[in-house]
Amino acid sequence: MIWSRGVLRPRSRLLLLGAFGLWISGCPVLASTIKEQRTTPAGQLVIEQVDEGPLGNEFYVYLAGKTILHSKLGDATTEFSAFPIPHLFAYFGESMNGVDAVAVFQQFNWGNACDGGPVWFLGISRDGNFKKSNSVEFCGPPETTVKHGVIHLIRSEAGQASPPKEWIYSGGKLQKVKSAR
Amino acid sequence: MIQFMPRTAEGLGTSSGALAAMTAVDQLDFVQKYLSPFRGKLHSLSDLYMAILFPVAVAKPDDFVLFSMNINPIAFRQNEGLDLNGDGKITKLEAASKVQAMLTEGLRPGNIG
């Protein structure tokens, strides 16, 4: 069994119990790997891979032990089933927009059609409350900047003459702005 | 060899730059590692190609839409060359047809060996 970085989330504890049950019955055990983690005002933000394999296709995102996201390749009952791999793309640790921190995620898959997929934001409050934003489609890397205390998300399309598109993070949502840079 | 994306290469324990500097034979170790989770699931050339291009389409029917101008326009435009009939949708069949044509050509007498 593989445990990395030594932190057991609530689901990991269940997996550990389940794995022990499987071990004593002689079956293979599940591996769970923490891929990324970050300390936030509300506690640890953790991305965990729960399937086996060199790359992984099923993931959870937890904040202080609470499930924020479950994604599994091809499972339409989960979010981002075509882009199941969450990556913490950026993190803003200062208070803005009514929250104490903002985490920016980009979803990936392992295929080569797109170098990175949808982007979504997570607003985090010190008291443990959180709010997930809507997602914006990407097929490539995003750009984030802060202007006058507001986070801007910018999408430039490779090979396209059209100007970049821009969203602002406000009220827990990503809102498209009419004109970009 | 199969144009790994940078994060994919990293997940396999290497990098795009390192792969580019390898011989095709050396890259095969990473191709094998990449494809290992699909063991037993790739029953056609199109499924093999989907594992490389857009894994959610593995084992899906040929008319499965990978990208659509209406639903995911950014991904569609990045892969627009695969929309063979120009209907604004890229199906699994369309995406795999170029690979199939290359295989057919490669299997012609005189091209084997």
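Readers should treat all values here as calculations from the given coordinates under stated rules, not as data from a laboratory. This is a predicted model, so every value here is computed, not measured. Here the Cβ positions follow ideal geometry from the backbone for every residue, glycine too, while neighbour counts run over all protein chains shown.
Miscellaneous remarks
- Over the protein assembly as shown: Kirkwood hydrodynamic radius from C-alpha pairwise inverse distances, Å: 21.0 Å
- Peptide B:72-82 - average C-beta neighbours from other chains (10 Å radius): 5
- In terms of packing, defined here as the mean over residues of other Cβ atoms within 10 angstrom, the peptides A:131-139, B:104-112, A:44-52 line up highest first as A:44-52, A:131-139, B:104-112.
- Peptides A:56-65, A:154-163 ranked from most to least packed by the mean count of surrounding Cβ atoms within 10 Å: A:56-65, A:154-163.
- Taking θ as phi - 60° and the Karplus parameters 6.51, -1.76 and 1.60, the scalar couplings of segment B:67-83 work out to 9, 10, 4, 7, 9, 10, x, 5, 5, 4, 5, 5, 10, 4, x, 8, 7 Hz in sequence order, x denoting glycine and proline.
- Inter-part distance where segment A:37-98 and segment A:107-137 are each reduced to a Cα centre, Å: 8 Å
- Charge tally in the Cβ shell below 15 Å around residue A:123, where Lys, Arg are +1 and Asp, Glu are -1, residue A:123 excluded: +3
- For peptides A:69-78, B:79-88, sequence by mean Cβ density within 10 Å, most packed first: A:69-78, B:79-88
- Test item: B:41-47 mean partner chain Cβ contacts at 10 Å: 0
- Listed residue pairs exceeding 28 Å between alpha carbons, taken from A:72/A:147; B:60/B:98; B:41/B:89: A:72/A:147
- Amide H to amide H, with H built 1.01 Å from N, residue A:32 comes under 5 Å of A:2, counting only residues 5 or more places away or on other chains.
- Taking N as the residue count of segment A:31-176, its C-alpha radius of gyration divided by 2.2 N^0.38 Å amounts to 1.04.
- Given chain B, longest segment not containing exposed loop trypsin sites (Lys or Arg not before Pro) (DSSP; at most 16 other Cβ within 10 Å): B:42-113
- Residue-averaged beta-carbon neighbours from other chains (10 angstrom radius) around A:32-45: 0
- Alpha-carbon centroid distance for the pair segment A:141-162 / segment B:1-20, whole angstrom: 26 Å
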